[in-house]
Amino acid sequence: MDSEQLAEMAADACDDRKATDIQLIRIDEVSSLADWMVIAGGLSEVQVRAIAKSVEDRLEAEADRMPLRREGINEGKWALLDYGELIVHVLQPSERSYYDLEAFWSHGEQHEFTNSELSRAS
């Protein structure tokens with residue numbers, strides 16, 4: 001499984017828990033930090049934790065991958081899952097607005113996430 005497929009799987013796992021405004025950003029040509037960033041919104045501490053758990057569970061079950069690092073899960077305001085070539089951020093609206101990761105990584109290649117239910121219906 002390549003890093004793009006991993007990012008798409010993580011984004012789909014975010015969508016399973018009704019994450020808002022899911023963004024996939026390819027950063028491998030502008031940074032050595034990772035190949036992909038997935039940025040998603042959660043509207044509460046409970047939802048942020050549920051989204052992060054959904055990503056962890058899906059990537060472990062379907063890609064046999066565990067995060068190298070996890071941060072912020074207990075607080076539930078901003079969760080970070082680092083898989084090496086993929087970094088997943090799940091943020092509540094105030095944190096997402098404050099850190100504005102989309103603007104920081106705007107020089108990366110933006111990829112549109114298609115809602116899994118919409119793609120299954122077509």
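I want to confirm something. Restricting to segment 35-83 and keeping residues that are more than 24 Å from Pro93 (Cβ to Cβ) and hydrophobic (A, V, I, L, M, F, W, C), which single residue is surrounded by the most Cβ atoms within 10 Å (Cβ to Cβ)?
So, considering only residues that are more than 24 Å from Pro93 (Cβ to Cβ) and hydrophobic (A, V, I, L, M, F, W, C), the one surrounded by the most Cβ atoms within 10 Å (Cβ to Cβ) is Leu59.
When both residues are 6+ apart or on different chains and their Cβ atoms are under 7 Å apart, which pairs have a first residue that lies in segment 66-91 and is under 24 Å from Gln5 (Cβ atoms), and a second that is among the hydroxyl-bearing types (Ser, Thr, Tyr) and crowded, with 22+ Cβ neighbours inside 10 Å?
Between residues of segment 66-91 that are under 24 Å from Gln5 (Cβ atoms) and residues that are among the hydroxyl-bearing types (Ser, Thr, Tyr) and crowded, with 22+ Cβ neighbours inside 10 Å, the close pairs are Pro67/Tyr83; Leu68/Tyr83.
Taking interchain pairs and intrachain pairs at least six residues apart, which have beta carbon atoms under 6 angstrom, with the first residue in segment 96-117 and within 20 Å of Leu6 (Cβ to Cβ) and the second surrounded by 14 or more Cβ atoms within 10 Å (Cβ to Cβ) and of a type in the set (Val, Ile, Thr)?
Leu101/Ile39; Trp105/Ile25; Trp105/Ile27; Gly108/Ile25; Gly108/Ile27; Gln110/Ile25; Phe113/Ile22
Search segment 34-51 for residues being within 18 Å of Leu68 (Cα to Cα) and β-branched (Val, Ile, Thr), and hand back the single one that is farthest from the chain's Cα centre (by Cα). Reasoning before the result, please.
As a first pass, look at segment 34-51 and keep what is within 18 Å of Leu68 (Cα to Cα): 34-39, 49, 51.
In the following step, the residues that additionally are β-branched (Val, Ile, Thr) were identified as 38-39, 51.
Working: Val38: 3, Ile39: 4, Ile51: 9 Å.
That would be Ile51.
Give the number of residues within segment 89-113 that are of a type in the set (S, T, N, Q) and within 14 Å of the chain's Cα centre (by Cα). Don't jump to the end; show me each part of the working.
Looking only at segment 89-113, we keep the residues that are of a type in the set (S, T, N, Q), and these are 92, 94, 97, 106, 110.
When the remaining residues are screened for being within 14 Å of the chain's Cα centre (by Cα), the result is 92, 110.
Result for segment 89-113: 2.
Kindly indicate whether Ala11 is free of Cβ contacts under 8 Å to residues at least 40 places away in the same chain and under 9 Å from the mean Cα position of the chain (by Cα).
Numbers: free of Cβ contacts under 8 Å to residues at least 40 places away in the same chain: no; under 9 Å from the mean Cα position of the chain (by Cα): yes.
The answer is no for Ala11.
Having 1 or more residues that are modelled with pLDDT of 95 or more is the bar; report the strands (runs of 3 or more DSSP E) wholly within segment 13-112 that clear it.
Numbers: elements: 20-26, 36-41, 69-71, 78-82, 86-91, 109-111.
The strands (runs of 3 or more DSSP E) meeting that bar are 20-26, 36-41, 69-71, 78-82, 86-91.
The values are calculated or read from the model by the stated rules, or taken from the named source; none is laboratory data. Every value quoted in this text rests on a predicted model; they were computed, and no experiment measured them. Cβ sites come from the backbone with ideal geometry, for glycine too, and all protein chains shown count toward neighbours.
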